[in-house]
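Comments concern the structure below.
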Amino acid sequence: MLLAVAVSVLVGALAQRITGMGFALIAAPALVILLGPFDGVVLVNLCAVLSSLLILPRVWRHIEWQRFGWLVVPALVGTAVGALVAARLPGPVLQLGVGVLVVVALTVSLAVTRTDHVATGPVPAIVAGAASGFMNASAGVGGPALSVYAVATRWPQAGFAATAQPYFVVIGVASLVGKLGATGWALPELEPGAWPLVIGALLVGLGLGELLHKRIPHHAARIAVIVIAYAGGIAAMVDGALKLWG
């Protein structure tokens, strides 16, 4: 199980460095199945915050702080609501919800890419931020809502990938504080020695991403993230449904 956890973290970190997002999309469904819905999402939040903090110095000059502000304030409100939901729902229900949220959000992202309409103004950012914060706290996947906003507003990749890093740090920390505070600050129950393995996998994934991000076309990387995330989301849905109705 530890090897599967480490591989999920490594691949998620690799995607995060190459595309600016994707850690939770790839890692959350697998970690929810391996560790359970609550511990899995907490570990995703922890690793996602560390990943974005390590990437931040590399993309600092491309961050669009005004757009960051429009997104992060409503995201904090959505995070508070999502943390309450995550702490109160039964495990199989939350696991099923993680899978459904991933699949639905990815489908919406793909549908948006086929339209010619370009969203403008603060309202789309407010809606996307609130949805992203709720999904990040409840299911560990705040990226899809942000991706929908980026596609709908035709946000250039460099600005999106850079601005996403401080955004994920803020909502990730808020999610952790809300969920851990609601459960008496209980960290995920991993086997002894698991934390160094998880951190090592995170660093290796980021290192590989640093080497590869200039060699892999962005569209190819995003296609890979979407395919893997769809597979993980469906697996989480099936596993949660079997536990709920079995």
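Remarks
- For GLU64, nonlocal amide neighbours, meaning residues 5 or more places apart or on other chains whose placed amide H falls under 5 Å from its own, are THR163.
- Taking 13 Å as the cut-off, the amide N atoms of the stretch 132-159 that come nearer than this to a point 7 Å along the Cα-to-beta-carbon line of VAL77 belong to 132-134.
- GNM on the chain, alpha-carbon springs under 10 angstrom: the most fluctuating residue among ALA75, ALA186, ALA48 is ALA186.
- In sequence order, the stretch 52-60 has phi-based couplings of 5, 4, 6, 7, 3, x, 6, 10, 3 Hz under the Karplus curve 6.51 cos²θ - 1.76 cosθ + 1.60, θ = phi - 60°, and Gly or Pro positions carry x.
- Charge dipole of the stretch 180-246 about the Cα centre (unit charges at C-beta), most positive-ward option of ILE216, GLY233, TRP185: ILE216
- Ellipticity estimate at 222 nm from DSSP helix runs (n ≥ 4, -39,500 (n - 2.57)) divided over the chain, nearest 500: -28000 deg cm²/dmol
- Nearest-20 debye value, the stretch 25-127 charge dipole, Cβ charges on Lys, Arg, Asp, Glu: 140 debye
- Peptides 31-37, 100-106 ordered by average Cβ neighbours within 10 Å, highest first: 31-37, 100-106
- Solvent-free Debye scattering, log10 I(q)/I(0), computed from the Cα coordinates of the stretch 51-193 at q = 0.22 Å⁻¹: -1.37
- Relative contact order %, the chain, counting alpha carbon pairs below 8 Å whose residues are six or more apart: 37 percent
- DSSP-assigned coil residues among trypsin sites (Lys or Arg not before Pro) in the stretch 139-225, each with at most 13 further Cβ atoms within 10 Å: ARG154, LYS214, ARG215
- The charge dipole of the chain, taken about its Cα centre with unit charges on the Cβ atoms of Lys, Arg (+1), Asp and Glu (-1) only, comes to about 520 debye.
- Taking 0.36 nm per residue of separation and subtracting the current Cα-Cα distance, fully stretching the chain between VAL85 and LEU211 would add 41.5 nm.
- Nearest-0.05 FRET efficiency for ARG114 and ALA4, computed from C-beta distance (R0 41 Å): 0.70
Bear in mind that the values in this text are calculations on the coordinates, not laboratory data. Since this is a predicted model, take the numbers as computed values, not measurements. All Cβ positions, even for glycine, are placed from backbone atoms using ideal geometry, and neighbour counts span all protein chains on display.
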